[in-house]
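Report on the following structure.
Read the figures in this text as sums done on the coordinates, not as results from a lab. Model, not experiment: these values are computed from the prediction. Ideal geometry is used to build each Cβ from the backbone, glycine not excepted, and the neighbour counts take in all protein chains shown.
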Amino acid sequence: MKYGVVVFPGSNCDHDALYSTAHHAGAESVALWHKETSLPEGLDAIILPGGFSYGDYLRSGAIASKSPLVKEVVKFAQNGGYVIGICNGFQVLTETGLLPGALGKNRDLKFVCKDVFLRVENAEAAFTNTMKKGDILSIGIAHGEGNYVASDDDIKSLEDNDQVVFRYCDQTGAVTDASNPNGSINNIAGIVNKQGNVLGMMPHPERACDALLGSADGLHIFRSLAQAVAAV
């Protein structure tokens, strides 16, 4: 299993992603500078990490989505390659059109940094196949613009096609307004595209890969993807 982690000016979770996938998930991980015009051979998955690419100027993820390497990431995804966009990476994915919708300012207009609970809604996805539907994960968030919004038609399509893979919930698994940290429609925390090879999520699984840090639940996502890749 080999990951490529794209590094932008302003990325601050790229090293977390590199370390977690290599040290905890047992994969090979390489950093990919955003100005490169081609991807290295042999990549099984690409991570667009969290942070503040280009300082979030203009709009979160907007400038990064025009980077030379991101154009290659889009081609990689369109050809069936696995892509994970985490936090700012999720914002980049919506800007490229690989995922529908957008991430707006949190409903209370404040930056939120805390551990949250996620309920697994689809355990058949490449990113969740080692879990069961209804499993509850504890994973941290850290964002000011994580409020997922989309058109009524896009939301209906996401729900009807089981593209919502994670939903904010409380410790018991109940999906409530109080457990929604940012105002996202339907408590949506993570979605996949129709083909199932592109995941966008606001919580940070790469920061939840070691029990010493409070949770190792993020490892389920990387282990699921490794299993999906091995099955091909």
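Observations on the model:
- Flag for Tyr148 being in a strand (DSSP E or B), touching a Phe, Trp or Tyr at 6+ places or on another chain (Cβ under 8 Å) and free of Cβ contacts under 8 Å to residues at least 60 places away in the same chain: no
- Residue match in segment 66-88 (condition: farther than 26 Å from Gln195 by Cβ and buried (at least 19 other Cβ atoms within 10 Å of the Cβ)): no
- Residue ID - farthest from Gly55 (Cα to Cα), chosen from residues in segment 163-175 that are of a type outside the set (A, V, I, L, M, F, W, C) and crowded, with 17+ Cβ neighbours inside 10 Å: Gln163
- Applying the condition of being in contact with a helix residue (DSSP H, G or I) (Cβ under 6 Å, 6 or more places away or on another chain) and over 14 Å from Tyr168 (Cβ atoms) to segment 104-141 and asking which residue is surrounded by the most Cβ atoms within 10 Å (Cβ to Cβ) yields Phe127.
- Just one of the listed residues (Leu93, Leu18) is without any contact (Cβ under 8 Å) to a residue 24 or more places away in the chain, within 18 Å of the chain's Cα centre (by Cα), buried (at least 16 other Cβ atoms within 10 Å of the Cβ) and in a helix (DSSP H, G or I), and it is Leu18.
- Within segment 197-215, residues that are on the phi > 0 side of the Ramachandran plot have Cβ atoms under 8 Å from residues that are in a strand (DSSP E or B) in these pairs: Gly214/Asp115; Gly214/Ser138; Gly214/Gly140, counting only partners at least 6 apart in sequence or on another chain.
- Looking only at segment 181-196, and only at residues there that are among the β-branched types (Val, Ile, Thr) and assigned to a strand (DSSP E or B), the one that is surrounded by the most Cβ atoms within 10 Å (Cβ to Cβ): Ile191
- When Ala216, Ala178, Ala208 are checked against the criterion of being more than 24 Å from Gly101 (Cα to Cα) and surrounded by fewer than 21 Cβ atoms within 10 Å (Cβ to Cβ), Ala216 stands alone in meeting it.
- Of the residues screened, Ala125 is one that is small (Gly, Ala, Ser), assigned to a loop (DSSP other than H, G, I, E, B) and under 28 Å from Ala231 (Cα atoms).
- For segment 159-168, the criterion of being acidic (Asp, Glu), within 26 Å of Gly80 (Cβ to Cβ) and not in a loop (DSSP other than H, G, I, E, B) is met by at least one residue.
- Within segment 31-46, residues that are within 20 Å of Leu199 (Cβ to Cβ) have Cβ atoms under 8 Å from residues that are among the acidic types (Asp, Glu) and part of a loop (DSSP other than H, G, I, E, B) in no pair, counting only partners at least 6 apart in sequence or on another chain.
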